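**Student:** I have a structure here, written as structure tokens, and I will follow up with some questions on it.
The values are calculated or read from the model by the stated rules, or taken from the named source; none is laboratory data. The shown structure was predicted, so the numbers you read here are calculated from the model rather than taken from an experiment. Here the Cβ positions follow ideal geometry from the backbone for every residue, glycine too, while neighbour counts run over all protein chains shown.
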Amino acid sequence: MAGPDGGCLTSAVISDVRLRRCLTESWGLTAASIEVHNGGMNSATWFVDDGDERWVVKAVAPDSARSFAAGLAVAAALEVAGVPAGAPVATGRGEYVVEAGGVPLALLTWVPGAELSGVGPGDQRMIGGTLARVHRALLDVPVPGGERFHWVDPRGEHLGIRPWVRGAVAAAVSAYDGLDPGTLTWGLLHTDPAPEAFRLDRATGVCGLIDWSTGMTGPLLYDLASAVMYAGGPGHARPLIEAYLDQGVVPRAEVERGLAVMLRFRWAVQADYFARRIVLGDLTGIAGAEENEAGLADARAGLAWSGSTAESIGTGLG
């Protein structure tokens with residue numbers, strides 16, 4: 001849901017005729033059926049079917065083209081490492097990204113399976129273990145055009161939208177800086193590993209991780225904190241945390257030291273994200289403005305809770 005800044009986009013910016021022409025000219029899909037999906041908040045997506053094969057077309061705002069291409073490179077590297085990630089399909093000219101009416105788009109490999117819910121120890125262990133395997137597979141993988149964590153600026157004008165936002169975000173950023181980020185374990189991040197981004201093929205037992213929207217290097221603890229946030233916080237996410245730690249990618253001592261602080265920062269990212277959407281009137285992926293307001297309210301509650309308990313929350317590790 002929340003990630004680096006991006007523009008507003010809906011499927012309406014690309015006509016059906018233009019999309020079909022693009023699929024024919026770039027990938028040779030002359031008779032494919034197209035169905036609008038739009039399951040995300042930062043992009044426009046379509047299902048593309050041709051016989052027994054399925055793909056996903058993903059389009060982003062023009063100002064997100066560079067980060068989009070970097071994210072596709074990460075997905076491609078992850079597929080090579082054996083983790084289904086929705087890797088891009090090259091055009092006949094070897095390109096991963098093409099433009100349709102000035103809008104960057106890509107044809108992505110379909111990842112079979114069902115999205116996880118994050119509820120229950122089984123799902124949580126699958127999320128934690130998969131995230132750790134992804135982080136390990138991407139260690140030392142170079143990504144052209146990649147970005148470096150982080151993007152939250154407490155001085156941003158949009159943070160003035162409510163009296164509480166700027167101060168709460170600034171305090172969370174300061175707490176993150178207090179971790180001495182250079183001492184943390186860094187690598188390529190997903191930046192938003194929500195349960196629905198994990199797809200489990202129950203027939204094979206293989207779990208993939210999709211929705212790679214950027215190629216960003218940062219503390220791996222940020223991705224873990226994101227997954228824990230979606231699971232309801234450390235007190236509700238012990239199976240997820242333990243499954244992640246079992247892979248040995250990030251030392252237990254680092255998680256014990258920094259997870260609560262990084263979780264607070266993750267809520268600051270949510271506040272930053274929804275404040276910007278409200279200011280811009282960005283309704284991409286939602287039914288109405290009230291959903292942006294609800295997201296900002298959730299971020300306020302999360303910041304208040306994590307800020308007041310950061311010293312005593314623990315990580316549920318025992």
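**Student:** Just name the residue that is modelled with the lowest pLDDT out of those in region 201-232 that are among the hydroxyl-bearing types (Ser, Thr, Tyr) and in contact with a Gly (Cβ under 9 Å, 6 or more places away or on another chain).
**Tutor:** Top of the filtered list is Ser213.
**Student:** Separate question: Just name the residue that is farthest from Val134 (Cα to Cα) out of those in region 245-259 that are out of contact with any Pro (no Cβ under 7 Å at 6 or more places or on another chain) and surrounded by 16 or more Cβ atoms within 10 Å (Cβ to Cβ).
**Tutor:** Filtering region 245-259 for residues that are out of contact with any Pro (no Cβ under 7 Å at 6 or more places or on another chain) and surrounded by 16 or more Cβ atoms within 10 Å (Cβ to Cβ), the one farthest from Val134 (Cα to Cα) comes out as Arg257.
**Student:** Could you say which residue among Ala65, Ala31 is assigned to a helix (DSSP H, G or I) and surrounded by fewer than 21 Cβ atoms within 10 Å (Cβ to Cβ)?
**Tutor:** Answer to the check: Ala65.
**Student:** Additional query: Restricting attention to region 58-81, which residues are in contact with a strand residue (DSSP E or B) (Cβ under 9 Å, 6 or more places away or on another chain) and small (Gly, Ala, Ser)?
**Tutor:** If the condition is that a residue be in contact with a strand residue (DSSP E or B) (Cβ under 9 Å, 6 or more places away or on another chain) and small (Gly, Ala, Ser), then Ala59, Ala61, Ser64, Ala65, Ser67, Ala69, Ala70, Gly71, Ala73, Ala75, Ala76, Ala77 are the ones that fit.
**Student:** Out of Leu263, Leu283, I need the residue that is at pLDDT 95 or above, among the aliphatic types (A, V, I, L, M), under 20 Å from the mean Cα position of the chain (by Cα) and under 23 Å from Leu159 (Cα atoms). Which one?
**Tutor:** Leu263
Listed here are the residues, each with its yes/no results for (1) in the same structural domain as Asp177 (by TED's automatic domain parsing); (2) modelled with pLDDT under 95; (3) farther than 18 Å from Thr204 by Cα; (4) surrounded by 15 or more Cβ atoms within 10 Å (Cβ to Cβ).
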| position | (1), (2), (3), (4) |
| --- | --- |
| Val103 | no, yes, yes, yes |
| Leu107 | no, no, yes, yes |
| Gly120 | yes, yes, yes, no |
| Ile127 | yes, no, no, yes |
| Thr130 | yes, no, no, yes |
| Leu138 | yes, no, yes, yes |
| Phe149 | yes, no, yes, yes |
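**Student:** Taking Asp153 as the residue in question, decide whether it is on the phi > 0 side of the Ramachandran plot and out of contact with any Gly (no Cβ under 8 Å at 6 or more places or on another chain).
**Tutor:** So Asp153 fails the test.
**Student:** Show me the strands (runs of 3 or more DSSP E) found entirely inside region 139-237 where at least 2 residues are touching a residue at least 24 places away in the same chain (Cβ under 8 Å) and over 14 Å from the mean Cα position of the chain (by Cα).
**Tutor:** The qualifying strands (runs of 3 or more DSSP E) are 186-189, 198-201, 206-209.
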